[in-house]
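Q: Before I ask anything, here is the structure I am working with.
The values are calculated or read from the model by the stated rules, or taken from the named source; none is laboratory data. The structure presented is a predicted model; accordingly, all values stated were derived computationally and were not measured. Here the Cβ positions follow ideal geometry from the backbone for every residue, glycine too, while neighbour counts run over all protein chains shown. For accessibility, only protein heavy atoms count, side chains too; no ligands or nucleic acids. Shrake-Rupley method; radii C 1.70, N 1.55, O 1.52, S 1.80 Å.
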Amino acid sequence: IIEGIAYDIRLNLEGMEQVLQSSIDDIRIFGGGAKSQLSSQIIADVLHKTVSTASTPEATALGAAILAATSIRLYPSMEDAAKKMTRTASTFNPIPANSKTYDGLYRLVYRNYYDHLGPLLKNVSEIVGR
């Protein structure tokens, strides 16, 4: 499950990098998965990028606090508030041997799932009537 989530993050990250025509190298993760050192390491290995966990695991509450601090003018901008109110807790560097394995699985297996699952998902849709 963790590896599947990491592969999906990579797929989305590659899409963003392609649209932006730029590499995204400052990766921050939040939430339940970020509380686990194992999941954080797997994400770094799959992305083949350094990943940092946020000191505040709940992104929604932090975002609301940043908006509130900006709206009452504690900070001149949301960017300034975000810089002042966010910190990293841990940093995970990709382990080269793990990244090599994950990269092969991503390119040769994961990226091909959608093409092969399309007809099966259509069957599921027809069976359940949606």
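Q: Can you run down the residue pairs with Cβ atoms below 9 Å, 6 or more apart or on separate chains, where the first is in the stretch 60-76 and under 22 Å from GLY32 (Cα atoms) and the partner is outside any helix (DSSP H, G or I) and open to solvent by 40 Å² or more (accessible area, probe 1.4 Å)?
A: Pairs found: THR60/PHE30; LEU62/PHE30; LEU62/THR56; LEU62/THR86; ALA65/THR56; ILE66/TYR75; ILE66/THR86.
Q: Considering the stretch 12-32 alone, what residues qualify as being open to solvent by 60 Å² or more (accessible area, probe 1.4 Å), out of contact with any helix residue (DSSP H, G or I) (no Cβ under 6 Å at 6 or more places or on another chain) and closer than 17 Å to ALA54 by Cβ?
A: ASP25, ASP26, ARG28
Q: Would the stretch 41-54 turn up any residue that is acidic (Asp, Glu) and over 30 Å from THR101 (Cα atoms)?
A: No, the stretch 41-54 contains no residue that is acidic (Asp, Glu) and over 30 Å from THR101 (Cα atoms).
Q: Now a separate question. Taking the condition of being open to solvent by less than 80 Å² (accessible area, probe 1.4 Å), among the hydrophobic types (A, V, I, L, M, F, W, C) and not in a helix (DSSP H, G or I), how many residues in the stretch 72-130 meet it?
A: Qualifying residue count for the region: 3.
Q: For the structure I just gave you, tell me whether ILE9 is under 12 Å from the mean Cα position of the chain (by Cα) and over 16 Å from THR101 (Cα atoms).
A: Answer is yes for this residue.
Q: How many residues are open to solvent by less than 50 Å² (accessible area, probe 1.4 Å) and out of contact with any Gly (no Cβ under 6 Å at 6 or more places or on another chain) if we restrict to the stretch 33-55?
A: 16
Q: Does ASP45 meet the test of being charged (D, E, K, R) and touching a helix residue (DSSP H, G or I) at 6+ places or on another chain (Cβ under 8 Å)?
A: Details: charged (D, E, K, R): yes; touching a helix residue (DSSP H, G or I) at 6+ places or on another chain (Cβ under 8 Å): yes.
It is true that ASP45 is charged (D, E, K, R) and touching a helix residue (DSSP H, G or I) at 6+ places or on another chain (Cβ under 8 Å).
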